Amino acid sequence: MSTESRAIPILAEAGKLLADDRKEVYGDALHTCRRIGEVWAAQLDLPLPIPPHTVAAMMAGMKLIRSLITPEHKDSWVDAAAYAALGFGTLSS
């Protein structure tokens, strides 16, 4: 199996995560990233909230660190891809 043929299902699964009913469970992703950015900024005593795209990038980074710890755990790769896409998605809002 080629590298690309192994990677495509990861992207497809990440897309499903963004398209499923999580919005009904957790609310709008942009709103959630904004709220996380506000909380993190307050905890770090920053003067301004952390922007939503930065929140998503930081979450993707956390998932990538997890993928280094257990590279065979597919969910970390899927989640990192989903957070990366979500970060880009917040830019148009």
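The values are calculated or read from the model by the stated rules, or taken from the named source; none is laboratory data. Worth saying up front: this structure is predicted, and the values here are computed from it rather than measured. Cβ atoms come from the backbone with ideal geometry, glycine included; neighbour counts cover every protein chain shown. Accessible surface is based on the protein model in full, side chains and every heavy atom, while ligands, DNA and RNA are left aside. Shrake-Rupley method; radii C 1.70, N 1.55, O 1.52, S 1.80 Å.
Among the residues making up the range 60-78, those that are open to solvent by 40 Å² or more (accessible area, probe 1.4 Å) and in a helix (DSSP H, G or I) are M62, L64, I65, R66, L68, I69, K74, D75, W77. Among the candidates D20, D75, D45, the residue that is acidic (D, E) and in contact with a helix residue (DSSP H, G or I) (Cβ under 9 Å, 6 or more places away or on another chain) is uniquely D75. Would a scan of the range 48-55 turn up a residue that is buried (at least 18 other Cβ atoms within 10 Å of the Cβ), part of a helix (DSSP H, G or I) and touching a Leu at 6+ places or on another chain (Cβ under 7 Å)? Yes, that holds for at least one residue. Among the residues here, A41 does not qualify as without any contact (Cβ under 8 Å) to a residue 40 or more places away in the chain, of a type in the set (G, A, S) and under 19 Å from A80 (Cβ atoms).
Scanning the range 15-29 for residues that are within 15 Å of the chain's Cα centre (by Cα) and either at pLDDT 95 or above or not small (G, A, S) (or both) gives K16, L17, L18, D20, R22, K23, Y26, D28.
Among the charged types (D, E, K, R), open to solvent by 100 Å² or more (accessible area, probe 1.4 Å) and part of a helix (DSSP H, G or I), is that true of E24? Quick ask: steps written out before the conclusion?
Numbers: among the charged types (D, E, K, R): yes; open to solvent by 100 Å² or more (accessible area, probe 1.4 Å): yes; part of a helix (DSSP H, G or I): yes.
For E24, the condition - among the charged types (D, E, K, R), open to solvent by 100 Å² or more (accessible area, probe 1.4 Å) and part of a helix (DSSP H, G or I) - is met.
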